[in-house]
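I have placed the structure first, in the form of structure tokens, so that the comments after it can refer back to it.
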């Protein structure tokens, strides 16, 4: 494998899916650069191409298969290029075998549990030029101190745990990410302190269910304990986290968030459905009544908190009344925003074999109705922000060069007039205009940076 234009070998990493995948890609980028590779913006310029894949939804898999097809032509033009597939799609044995069978131009296939072996796998491929399938069937111990090439210089993802034990009937994650494994608090603290020393202002703690953090550790500790420790680290201004399971959200955790200066007042609480019968079929472990009580407790203790959610429409057996119950929940909770999805089958999950599937046409009607209703609520919520003041962190440039994207503690996007010199700084702003998806602000003053 020889690059004719430069002694340095080049890599191209494309990430599909969630923030956990984004964080894994940052680690792989760090490993590749430790081997001497340099990043490039286009696959055509790379000596090694890696697709970090997602299998949570059919649309994500279809995108990957489309990309695999596109890369076949590139492999014909550049036979020496190494093309690899990793992530949640590759972790599934049947899918990995299908990739190997249908896409022989993919030479490297590995899963979610052994990305730390990437340098060894590449060296083996370069030496032998034989296709390599290396998918661990079981998760191993957590490997610490891996390098990372962060996408942002302002905010950073920090994985605090891996895997999931919840086994919601629609979800493939426990099968491809494994059982829950928590990092030691000392290792997380070490990473966050290092980020603070590098000038990062914000960290987002990642886990499939951060509320389960610590349950597998020998010492008695939980997510609220971790937040209290991280809140004391100098230099970090904001702490966020995702994702939370409503069933495990305790009063203790709400109290810690309420009194922690750095933990942001944004709660992402995926409800998935407003129907008790559907929640039971999903194996979510709570009722709508419990969920209402949780929201009420949050708002009583942190009145200015924002609450967002995930909702699945058209789950097997969802009747019109079940859907109306979800719409009623939206009306009562009044989310700041919601990520909405049409249910689609995931092979290997219990829901895929349920017989009472909702027709696609009906699912399409319901999702349109739900999105229109939530957009109306989001606009009404945002209009209430006009005239209010917020502290925001400038995160990056919008496509237009004279607009800066900033974010409130409550996770609302605010557009400001400005340039790249503002990125990484805190500002006090007044909201002057609102739409359903973002706010416009005027800078009142610069905060301490």
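A short reminder: the numbers here are calculations on the coordinates, not readings from a lab. Since we're looking at a predicted model, the values are computed, not measured. Don't worry about glycine lacking a Cβ; one is built from the backbone with ideal geometry, like all the others, and counts go over all protein chains shown.
Figure legend: label point modelled 7 angstrom from the Cα of residue 58 along Cα→Cβ; residues of the range 321-362 with amide N under 20 Å from it are 340-362. Each part gets one Cα centre, and for the range 383-449 versus the range 42-85 those centres are 36 Å apart. The range 236-266 and the range 216-230 have Cα centres separated by 13 Å.
The listed peptides 307-317, 240-250, ordered by packing as a protection proxy, come out as 307-317, 240-250 (highest mean of other Cβ atoms within 10 Å first). With 0.36 nm allotted per residue and the present C-alpha distance subtracted, the residue 261-residue 437 stretch has 60.7 nm of extension available.
Ellipticity at 222 nm from helices only: DSSP H runs of n ≥ 4 in the chain, each -39500 (n - 2.57), divided by the residue count, give -10500 deg cm²/dmol. With contacts taken as Cα pairs under 8 Å and at least 6 residues apart, the range 37-166 reaches a relative contact order of 19 percent.
Packing here is the average count of other Cβ atoms within 10 Å per residue, and on that basis the peptides 387-395, 106-114, 287-295, 358-366, highest first, run 106-114, 387-395, 287-295, 358-366. In terms of the Cα gyration tensor, with a ≥ b ≥ c the square roots of its eigenvalues, is the range 155-383 rounded because a/c is under 1.5, prolate because a/b exceeds b/c, or oblate? Prolate is the answer for the range 155-383, as a/c is 1.5 or above and a/b outweighs b/c. Residues 100, 183, arranged from fewest to most other Cβ atoms within 10 angstrom of their Cβ, appear as 100, 183.
Once you sort the root eigenvalues of the Cα gyration tensor of the range 345-449 as a ≥ b ≥ c, which label holds: rounded (a/c under 1.5), prolate (a/b larger than b/c) or oblate (the other case)? Prolate is the answer for the range 345-449, as a/c is 1.5 or above and a/b outweighs b/c.
Express as a percent, rounded to the nearest 5, the fraction of DSSP beta bridges in the chain (both residues included) that run antiparallel. The answer is about 35 percent antiparallel. Counting beta carbons within 10 Å around each of 189, 368, 263 and listing the fewest first gives the order 368, 189, 263.
Classified by the C-alpha gyration tensor, the range 10-134 has a rounded form. Its axis ratio a/c, with a ≥ b ≥ c, is below 1.5. When each of the peptides 297-303, 318-324, 8-14 is scored by how many other beta carbons lie within 10 Å of its residues on average, the order from highest to lowest is 8-14, 318-324, 297-303. How high is the relative contact order of the chain, given as a whole-number percent (alpha carbon pairs under 8 Å, six or more residues apart)? Computed value for the chain: 10 percent relative contact order.
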